[in-house]
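**Q** What follows is a single structure, and I will ask about it in a moment.
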Amino acid sequence: MKNFNAITDYSREEIEQLVGLADRLDKHPEPRSLEGKVLSLLFLNRSLRTLASFQASMIRLGGGTFVISPEMSIYGLESRSGIIMDGTAAEHLKEAVPVIASYGDAIGIRAMAKMEDLQQDLQDQAFGELVSHVTTPYVNMESAMEHPCQNLADWKTMNDLGIPGQGGKFVLSWSWHPNPQPLATAVSTLKMAALRGMDITILRPEGYQLPQPVMQTARSLADQSGGSLSESEDRREAMEGAHTLYVNSWSSCEFYSRPQSEDRFKSSLRDWCIDSSWFESAEPDCRFMHCLPIRRGVAALDEVLDSPRSVVIEESRNRMLSQMAVLHRMLSTPEY
Ligand code: CP
């Protein structure tokens, strides 16, 4: 494996093999398989799970990591091209990224959406620019449109729970959030469920449609995998027979880069906070999934998060196991 950039770069069979490797490494640890290997971690945005789980993954396989982020004691990173650097930032990513990459055998990069230009974010331009400076293998730790490690962990979580691909009903629901939220998790999760062959309903209020190119890709993936894709604003209808409710907050494409306008628009949508009543028409053991972090009482009530439906902790632990599989595949064989 050269890079791990998007879940849709892999077939269902390849993903199942990675999930199988994650299961094997959980049951039969290999604490020396990446001995002497170093994973460089560049975080241009905050993290709890991704940061901790990548460090834990490398330690469990016998390797090591180092972390660089703009909040550390570094020179301040400039990202704009053609800029005269006479301001605060004293180092450009064009030098910093290859330097950081050169200290490791692979690099993980988190560079979430800037949310200034929807078209640029849809093409993952900023992330593409960053990895163009890297010659080692890289892992996408969340870019403007992709979150493949979360997708792999969620795939594994559904396998663990016996939630089927074909025949499994997957509801991806929008939830209210006080701040503009990137599209990466919703978009990549939609594609993951489509690739898995699930019957997907996107449950969202008017104004929160996902971008058309994303919907086209997801529809095509669902068709090829034997699944389906629909949209609804009606909670009872959308949740009918659901095996899992995957909740995420994402920004409106209509108000992208205009947060104050979106604030006004969504002020009447605060009831898009998941409570127990949302599950009334679902399968009795319908699960609640969320990538975390989640704002309690805002995106979902305690009665949901503290109930047996919630598998958010399992999803997070599966981040570590799935990433162990990716790193094992990437670094334990001399493929590159
Ligand atoms: N789910 C996820 O990526 O969490 P962090 O933002 O804490 O890394």
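The values are calculated or read from the model by the stated rules, or taken from the named source; none is laboratory data. This structure is a prediction, so every number in the text was calculated from the model and none was measured. Here Cβ is always computed from backbone atoms with ideal geometry, including for glycine, and neighbour counts include all displayed protein chains.
**Q** Which of the numbered conditions does SER47 fail, given that it passes all the others? Conditions: (1) farther than 12 Å from ILE109 by Cβ; (2) assigned to a loop (DSSP other than H, G, I, E, B); (3) not β-branched (Val, Ile, Thr).
**A** Against the list (1) farther than 12 Å from ILE109 by Cβ; (2) assigned to a loop (DSSP other than H, G, I, E, B); (3) not β-branched (Val, Ile, Thr), SER47 comes up short only on (1).
**Q** Mind telling me which of the residues GLU91, GLU71, GLU116, GLU146 ends up being charged (D, E, K, R) and buried (at least 20 other Cβ atoms within 10 Å of the Cβ)?
**A** After ruling out the rest, the residue left standing is GLU146.
**Q** Kindly indicate whether any position in the stretch 20-43 is of a type in the set (D, E, K, R), buried (at least 18 other Cβ atoms within 10 Å of the Cβ) and in a helix (DSSP H, G or I).
**A** No: the stretch 20-43 contains no residue that is of a type in the set (D, E, K, R), buried (at least 18 other Cβ atoms within 10 Å of the Cβ) and in a helix (DSSP H, G or I).
**Q** Are there any pairs, at least 6 apart or on different chains, whose C-beta atoms fall under 6 Å, with the first in the stretch 266-284 and touching a residue at least 24 places away in the same chain (Cβ under 8 Å) and the second acidic (Asp, Glu), and if so, which?
**A** SER276/GLU303; SER281/GLU240
**Q** Just give me the residues in the stretch 49-77 being of a type in the set (S, T, N, Q) and within 16 Å of the ligand (Cβ to nearest atom), in sequence order.
**A** Those that are of a type in the set (S, T, N, Q) and within 16 Å of the ligand (Cβ to nearest atom): THR50, SER53, GLN55, SER57, THR65, SER69.
**Q** Sticking with this structure for a sec: Evaluate the stretch 161-177: report whether one residue or more is part of a helix (DSSP H, G or I) and either within 12 Å of the ligand (Cβ to nearest atom) or not hydroxyl-bearing (Ser, Thr, Tyr) (or both).
**A** Within the stretch 161-177 (the criterion being part of a helix (DSSP H, G or I) and either within 12 Å of the ligand (Cβ to nearest atom) or not hydroxyl-bearing (Ser, Thr, Tyr) (or both)), the answer is yes, since at least one residue qualifies.
**Q** Only one of these is out of contact with any helix residue (DSSP H, G or I) (no Cβ under 7 Å at 6 or more places or on another chain), within 16 Å of the ligand (Cβ to nearest atom) and without any contact (Cβ under 8 Å) to a residue 60 or more places away in the chain: ARG32, ARG80, ARG46. Name it.
**A** Only one candidate qualifies: ARG46.
**Q** Okay, moving on. Within the stretch 194-216, can you find the residues that are part of a helix (DSSP H, G or I) and either buried (at least 17 other Cβ atoms within 10 Å of the Cβ) or touching a strand residue (DSSP E or B) at 6+ places or on another chain (Cβ under 9 Å) (or both)?
**A** Of everything in the stretch 194-216, those that are part of a helix (DSSP H, G or I) and either buried (at least 17 other Cβ atoms within 10 Å of the Cβ) or touching a strand residue (DSSP E or B) at 6+ places or on another chain (Cβ under 9 Å) (or both) turn out to be ALA194, LEU195, VAL214, MET215.
**Q** For residues that are more than 16 Å from the ligand (Cβ to nearest atom) and over 27 Å from GLY64 (Cβ atoms), tally how many sit in the stretch 93-126.
**A** Adding up the residues that qualify gives 12.
**Q** Given the options MET215, MET198, name the one that is of a type in the set (A, V, I, L, M, F, W, C), over 25 Å from ARG319 (Cα atoms) and within 22 Å of the chain's Cα centre (by Cα). Can you show your working first?
**A** Numbers: MET198 fails: over 25 Å from ARG319 (Cα atoms).
From the options MET215, MET198, the qualifying one is MET215.
**Q** Just need a number here: residues in the stretch 296-326 that are away from the ligand (no atom under 14 Å from the Cβ), within 30 Å of LEU39 (Cβ to Cβ) and either touching a Phe, Trp or Tyr at 6+ places or on another chain (Cβ under 8 Å) or free of Cβ contacts under 8 Å to residues at least 40 places away in the same chain (or both).
**A** Within the stretch 296-326, residues that are away from the ligand (no atom under 14 Å from the Cβ), within 30 Å of LEU39 (Cβ to Cβ) and either touching a Phe, Trp or Tyr at 6+ places or on another chain (Cβ under 8 Å) or free of Cβ contacts under 8 Å to residues at least 40 places away in the same chain (or both) number 1.
**Q** Pick out the one residue from LEU41, LEU18, LEU34, LEU25 that is within 20 Å of VAL99 (Cα to Cα) and assigned by TED's automatic domain parsing to the domain that holds LEU327. Can you show your working first?
**A** Numbers: LEU18 fails: within 20 Å of VAL99 (Cα to Cα); LEU34 fails: within 20 Å of VAL99 (Cα to Cα); LEU25 fails: within 20 Å of VAL99 (Cα to Cα).
Going through LEU41, LEU18, LEU34, LEU25 in turn, just one is within 20 Å of VAL99 (Cα to Cα) and assigned by TED's automatic domain parsing to the domain that holds LEU327: LEU41.
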